[in-house]
1. Which whole-Hz ³J(HN,Hα) couplings does region 227-235 yield from phi under the Karplus relation 6.51 cos²θ - 1.76 cosθ + 1.60, θ = phi - 60°, glycine and proline marked x?
2. GNM on the chain, C-alpha springs below 10 Å: top fluctuator among Ile144, Ile392, Ile156?
3. Pick out which of Gln364, Gln333, Gln322 has the largest mean-square fluctuation in a Gaussian network model of the chain, springs linking Cα atoms closer than 10 Å.
4. Springs between alpha-carbon atoms under 10 Å, Gaussian network over the chain: tell me which of Gly354, Gly35, Gly183 tops the mean-square fluctuations.
5. Are any of the pairs Lys255/Lys407; Lys73/Lys224; Lys173/Lys261; Lys145/Lys255; Lys179/Lys255 more than 31 Å apart by Cα-Cα distance, and if so, which?
6. Just to check I understand the Karplus step: with θ = phi - 60° and J = 6.51 cos²θ - 1.76 cosθ + 1.60, what whole-Hz values come out for region 290-300, glycine and proline as x?
7. Quick one: Cα centre-to-centre distance for region 250-267 and region 175-204, in angstrom?
8. Take the Cα atoms of region 310-410, build their convex hull, and give its volume per residue in Å³.
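The values are calculated or read from the model by the stated rules, or taken from the named source; none is laboratory data. As the structure is a prediction and not an experimental result, all values here were calculated from the model. Don't worry about glycine lacking a Cβ; one is built from the backbone with ideal geometry, like all the others, and counts go over all protein chains shown. Side chains included, ligands, DNA and RNA excluded: accessible areas come from the protein's heavy atoms. Shrake-Rupley method; radii C 1.70, N 1.55, O 1.52, S 1.80 Å.
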Amino acid sequence: MKKIKLHTQIFIGLILGVIVGLVFGEKATIIEPIGTIFLRLITMIVVPLVLVSLMLGTASLGDLRKLGRIGIKTIVYFSITTMIAISIGLFLANVVKPGAGLNEEVKAELYKNYESTAQVGIEQMEEKPSAIDVLVNIVPTNPIKTLVEGNMLQVIFLALLFGTILTLIKREKSEILIKFLDGLNDAIIQVVHIAMRLAPYGVMALIASVIGRYGVNILVTLLKYSLVVVGGLLIYTVSINSLSLKILGRMSPLKFLKATKDAMVIAFSTSSSNAALPVSMESVEHIGISREYSSFVIPLGATINMDGTALYQGVAAIFIAQIYGIPLAFMDQVTIVLMATLASVGAAGVPAAGIITLAMVLKQIGIPLEGIALILGVDRFLDMCRTTTNIIGDMTCSVVIKESEEKNRK
Ligand code: ASP
């Protein structure tokens, strides 16, 4: 019998998860530990993978100017695409008006169910450090602590620093270290492969327990809102990424889709850009994006580039304002674009990070933070969708950067 390909198995896992969740409801959460083990296995390798592969990537670039150029291009690309994403979200939310005419009873019910959870989120957001602190904190005081805590921006900083240092010391010494790191990198990648064998089961268990726990009924209550978010994500993901791939990356979007669909399914089922990171890096390698680029662009993207989250925050802010009957002037909408850009940068690549930093956007324009309670019920599903958009943006950027660098070289 012909062996079923891994990505087909993962897809089957996804469908089975939906069925099991629908049939068994709450009881489906019994199999959640299988999903959690899978999730822990891939999360476990994120820090070592980013550290080692980015050190190697930087060392192999061997040129600080090139590193700086890639860094600037990446950040410019991330910022522009994020703003386009929010603008699409705002446009749709203003035209469709998902918040107009939400039934008062439904509103009261949603409040009652999610008020306390929303409160926790609001408190977490209020503890967030200022922008300057965030910048200062990129430089670690204790590298071991950085690795233990898995602070991604600090890990990226460490890797860039040590990778650069490897190019500054004597060749005969750096060679030994680079050889060692290369071997270590191969070993870490093997862990990714082992984890991926478990992916079909992990994905099934994760999806079944999400559907079992949250049900699909709530989606119906907030149908218009959910449709605007998902519709916006689809429009953005398909159009902007395809255009970027074709025009800037000179790659067929279909070829890209084929190579990266495993990463998309993992992002969808885990709701975490970080968890999908090892698979995202692996996937783009299949379309010729070497570690030189992917080891920098993808971890940085998983940490700060969240197009899907930004789009969703734009829609959510307008939705809540519409429910409260708060009119938003043009300048308020411009503020939303700026704040949602920052809030998406501030959101970590973990589940539900975006709804916490949404509080920052709402606060800035004076929309009641309690409004978060209204959308919490559907958040898990929307998180799955926006995370998928987030990582597609990161992978697309790696293609664009590679093409633009190679063009320079020609
Ligand atoms: N879960 C998202 C991610 O990991 C962040 C968010 O909550 O929007 O990319």
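1. Values, residue by residue: 5, 5, 5, 5, x, x, 4, 5, 4 Hz.
2. Evaluated over the chain, the most mobile residue of the options is Ile144.
3. With Cα springs under 10 Å in the chain, the top fluctuation among Gln364, Gln333, Gln322 is at Gln364.
4. Highest fluctuation of the listed residues: Gly183.
5. Details: Lys255/Lys407 20 Å; Lys73/Lys224 37 Å; Lys173/Lys261 40 Å; Lys145/Lys255 40 Å; Lys179/Lys255 33 Å.
Where the Cα-Cα span goes over 31 Å, the pairs concerned are Lys73/Lys224; Lys173/Lys261; Lys145/Lys255; Lys179/Lys255.
6. Result, ordered by residue: 6, 4, 3, 9, 5, 6, 9, 5, 6, x, 5 Hz.
7. 20
8. Dividing the Cα hull volume of region 310-410 by its residues yields 102 Å³.
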